[in-house]
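Since the structure comes first, as structure tokens, the remarks are kept for the end.
The values are calculated or read from the model by the stated rules, or taken from the named source; none is laboratory data. Everything quoted here is computed from the prediction, not taken from an experiment. Glycine also receives a Cβ, built like all others from the backbone with ideal geometry; neighbour counts cover every protein chain displayed.
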Protein chains: 2
Amino acid sequence: MAIGLEVFPEMVPIAGVRLGSACAGIKYKNHPDLTLIEIAPGGSCTGVFTRNAFCAAPVTIAKKHLKETEPRYLLINSGNANAGLGQPGIDAAIQCCDSVAKNSNTASNQVLPFSTGVIGEHLPAEKIAAAVPELLNQLSDTGWQQAAQAIMTTDTRPKGYSETIQIDGCPITITGISKGAGMIKPDMATMLAFIATDANIEPSLLNSMLLIAANKSFNRITIDGDTSTNDACMLIASGQTELPEISDPSCPAAEKFQALLDRVCEYLAVAIIRDGEGATKLIEVVVEGAIDQSEALSVGYTVAESPLVKTAMFASDPNWGRILAAVGRAGVSDLDIEHISIYLDDLCIVENGGRAESYREELGAAVMQAEAVKILIQLGRGQHTEKLWTTDLSYDYVRINAEYRT
Amino acid sequence: MAIGLEVFPEMVPIAGVRLGSACAGIKYKNHPDLTLIEIAPGGSCTGVFTRNAFCAAPVTIAKKHLKETEPRYLLINSGNANAGLGQPGIDAAIQCCDSVAKNSNTASNQVLPFSTGVIGEHLPAEKIAAAVPELLNQLSDTGWQQAAQAIMTTDTRPKGYSETIQIDGCPITITGISKGAGMIKPDMATMLAFIATDANIEPSLLNSMLLIAANKSFNRITIDGDTSTNDACMLIASGQTELPEISDPSCPAAEKFQALLDRVCEYLAVAIIRDGEGATKLIEVVVEGAIDQSEALSVGYTVAESPLVKTAMFASDPNWGRILAAVGRAGVSDLDIEHISIYLDDLCIVENGGRAESYREELGAAVMQAEAVKILIQLGRGQHTEKLWTTDLSYDYVRINAEYRT
């Protein structure tokens, strides 16, 4: 059902970053469900985490450890979210970190735990501990594709992206993987992304660069509007390159790196949408001419999360009335509908507060045949633009989310 | 597919209010699609209208006429929303008012127009004008059930309620009808309610009483989170009773009347949810212990509009993790998850930030067998409570909204 994503891309290794995967038998036997990412000494790591107040135990521990010291290991299990369990969940997450620390001669707080899978079931930390020696044995800088597979839950495709550019004559690579397809089965909790670069970037700049990139990618995708309890996106900079440390955000090297990071994050974020539950269409929603970001996002998300817009998209129906009604209820104060234009790809469907005069149903129907459709909303109020991505709402979405017990 | 609503209740006539219905052939031939409600001189009328910025032409005109003078007629057509059409839509709405005025010897601004049906198609005002003489002929104080039927679009059941109470020894009745099942086909634009009483109520008090009742009923229901362009709820007070005018909001008569009005509005609003598109479950979401109304509503709507919660409800799955995750992402600042409890009916499913210790899957599954389920969320932060209603999200919701062209 995924839109595109047929071919997994070639993943360029990152010096100073190794990955290993193993089968711990967390939910299924003989199914890769455990991944370890090792960062060589001297590397740095930063992350953005879910804002859900009911965040999972591993998120709490990962944030705490990240504050305390530079991490050496990221331990990711699928099959169980370790969420909604109170103190026993915290204990299990710490136990997992302990077992990596013991086997690798590091401190427990140098290990960051991540979990994705069913909410509310006890995490079998002992199974994870038993698989740690094998995980460490498997570590290799070519382990990206296996890792992309081992972090999947209801994803139908592994998701990865890798790109190398030249900065000041030096090759710099960013390689990353992501997972997520909804918040699902019974509650797969949900989006994770692990991205690494060989660039050497001053840690606080690394963090602000990730925030910038995430706010244009992972924080702009919505399948069902539901924020998972376990979301995290991590960025590792191993620093194992000839290029000197980047510390000035306005230098050309920083700008080049930011642009590359933006591309990687966008690819990995959109890959999640492409593999969205029951998705048959990739929908890009662009809001132009807003007064500020909040207004642009409010209109964008109201359209992107409208069940009526999404079912119309599933039906390949250019239903301009539903888009117009969603814009109208987005809570923008003093919205002058006379100034609003709405396009499907390049086709104007709404202008001057109503259906565009030039619009014909057959033109709209033709646009809707594509697998990817852009909805462009021009508010005509200011200079702010936001872009976000979503899927349609299909029978399969309901099936996947309603019938998981079968 | 409607939940309950098998029997249309007996409707007590309201002295001073007559209704007539007719077939104007707006969308289908020989299908009642036009309704006229007549208010005898001396009666008063108030309303609440959609806040969608793209409100339909009849809403614009009805609000304008209501400001200018006391209305004598409410003209309602189904089959066409007269929305999203700019000035031609306004012209058509005025033309409809004109034809009622001409045939009834009233002024055009004493007529309020209402439309519900497809967005973006030209309203055939000439067909409506042609049916007006017949409509006036049909006027009768027993026309409520026919009117409830003529205002339907994709509703599967007419919706009405009538109740008489004694105030100071005098019988006072409120009788009302509503329509709505989603925002649908291609965009049925959507909820309408017409309520009348024989009580004599000071006009500004009548308006504030309707606001109070609507904020506990019509403004607390959500099927898909989509606000229609045409929503309106009108309340008529004919004043044709022995009971003196009620003008003091704190007098016992006003309190009794408000309680009755609240009941009528709640019944008619919940009837819309019961007939929600594809609905198999009526879900009441109650948020207790919020600091203020905005917080309570934010949590309530986040849960009520979560596709994951709604598909779980469709599957009769007591999926506490999805409810908990929706509460966690509702944007409540400094939410202390340790103080939150969540119940399905009387069964505690979440306490102390995680699954309740006493909770067992089979107990949850038993609660979920019912056609109506209450989700109670206790935030433990303050004294504010809000109640709202929604439906589950089923295959039929997607079918109805995706396959309307068939």
Segment A:27-37, subset part of a loop (DSSP other than H, G, I, E, B) and modelled with pLDDT of 95 or more, residue surrounded by the fewest Cβ atoms within 10 Å (Cβ to Cβ) = A:Pro32
Identify, please: which residue in segment A:193-224 is buried (at least 19 other Cβ atoms within 10 Å of the Cβ) and among the acidic types (Asp, Glu) and is, among those, modelled with the highest pLDDT?
-> A:Asp198
Kindly indicate whether any position in segment A:59-72 is modelled with pLDDT under 95 and in contact with an Asp or Glu (Cβ under 9 Å, 6 or more places away or on another chain).
-> yes
Is there a residue being away from chain A (no Cβ under 14 Å), in contact with a Cys (Cβ under 9 Å, 6 or more places away or on another chain) and not in a strand (DSSP E or B) anywhere in segment B:174-193?
-> no
Restricting attention to segment B:74-101, the residues that are of a type in the set (Gly, Ala, Ser), in a helix (DSSP H, G or I) and within 11 Å of another protein chain (Cβ to nearest Cβ) number exactly 1
Would you mind telling me which numbered condition in (1) under 24 Å from B:Thr60 (Cβ atoms); (2) surrounded by fewer than 22 Cβ atoms within 10 Å (Cβ to Cβ) A:Gly321 fails?
-> (2)
Single unsatisfied condition, B:Glu351 versus (1) free of Cβ contacts under 8 Å to residues at least 12 places away in the same chain; (2) closer than 23 Å to B:Ile223 by Cα | (2)
Among B:Ile291, B:Ile273, which is of a type in the set (Val, Ile, Thr), more than 11 Å from chain A (Cβ to nearest Cβ) and touching a Phe, Trp or Tyr at 6+ places or on another chain (Cβ under 8 Å)?
-> B:Ile273
Quick one: how many residues across segment A:8-34 are touching a strand residue (DSSP E or B) at 6+ places or on another chain (Cβ under 9 Å), more than 15 Å from A:Leu74 (Cα to Cα) and of a type in the set (Lys, Arg)?
-> 1
Write out, first by first residue and then by second, each pair whose Cβ atoms fall under 8 Å of each other, whose residues are 6+ apart or on separate chains, and whose first residue, in segment B:329-340, is of a type in the set (D, E, K, R) while the second is buried (at least 21 other Cβ atoms within 10 Å of the Cβ) and in a loop (DSSP other than H, G, I, E, B).
-> B:Arg329/A:Asn52; B:Arg329/A:Ala53; B:Arg329/A:Asp226; B:Arg329/A:Thr227
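Just give me the residues in segment B:88-106 being surrounded by fewer than 18 Cβ atoms within 10 Å (Cβ to Cβ) and either closer than 17 Å to A:Gly354 by Cβ or not assigned by TED's automatic domain parsing to the domain that holds B:Leu136 (or both), in sequence order.
B:Pro88, B:Ile90, B:Asp91
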Hey, can you tell me all the residues within segment A:357-406 that are more than 10 Å from every other protein chain (Cβ to nearest Cβ), more than 19 Å from A:Lys216 (Cα to Cα), hydrophobic (A, V, I, L, M, F, W, C) and buried (at least 17 other Cβ atoms within 10 Å of the Cβ)?
-> A:Val367, A:Met368, A:Leu379
Any chance segment B:111-125 includes a residue that's within 25 Å of B:Ala237 (Cβ to Cβ) and assigned to a helix (DSSP H, G or I)?
-> no
